[in-house]
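The values are calculated or read from the model by the stated rules, or taken from the named source; none is laboratory data. Computed from a prediction, not measured in an experiment: that's the story for all the values here. Here the Cβ is made from the backbone with ideal geometry for all residues, glycine too, and neighbour counts use every protein chain on show.
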Amino acid sequence: MTNFDDRYRLLKCVALGGGMRTHNAQENATGRPVMVHIVDAPDPDVVERLREQVHSLPSADRSRIVEMTETPNGFAVVSEFLAGLTTFPVIERDPAGLLVGMISLDDLLKARARNLEAEYRRERIFRFESLITNH
């Protein structure tokens with residue numbers, strides 16, 4: 001088995017938070033683009049919890065995991081890079097910081113657009129109701 005740094009070349013860091021950083025990366029042997037999600041200097045309990053969380057992901061998300069491995073400074077989950085999309089881990093905000101899935105940037109932007117449309121509709125309805133009640 002080769003060293004993590006020999007297998008992957010980390011490129012741009014695209015997300016940081018929840019004790020994890022996510023990089024666009026390249027698998028050196030094949031040139032394949034991947035995403036590397038790294039937990040720096042985790043204790044063994046954190047690594048075990050992360051492994052359990054990955055195994056409990058829905059099968060569609062779990063199938064995108066290339067490997068889970070030790071790194072020189074911590075632990076990494078390597079996932080497929082979907083062409084035209086960037087995927088990020090979804091971590092709960094509570095203190096446990098549970099990994100609940102993966103989300104593509106495309107899906108995230110679509111969800112935000114739907115939220116903006118809903119907010120805009122509520123604002124228009126509120127303005128209309130305000131006009132009616134003020135007269």
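Collect the residues in the stretch 25-76 that are of a type in the set (S, T, N, Q), touching a Phe, Trp or Tyr at 6+ places or on another chain (Cβ under 8 Å), in contact (Cβ under 8 Å) with a residue 40 or more places away in the chain and surrounded by 16 or more Cβ atoms within 10 Å (Cβ to Cβ), keeping them in residue-number order.
Scanning the stretch 25-76 gives a single hit, THR71.
Go through the stretch 1-30 and give me each residue that's under 16 Å from MET68 (Cβ atoms) and among the β-branched types (Val, Ile, Thr).
Matches in the stretch 1-30: THR2, THR22.
Looking only at residues in the stretch 77-94 that are surrounded by fewer than 17 Cβ atoms within 10 Å (Cβ to Cβ) and at pLDDT 65 or above, which one is farthest from GLU27 (Cα to Cα)?
ASP94
Restricting to the stretch 28-54, name every residue that is modelled with pLDDT under 85 and out of contact with any strand residue (DSSP E or B) (no Cβ under 7 Å at 6 or more places or on another chain).
ASP43, PRO44, ASP45, GLU48, ARG49
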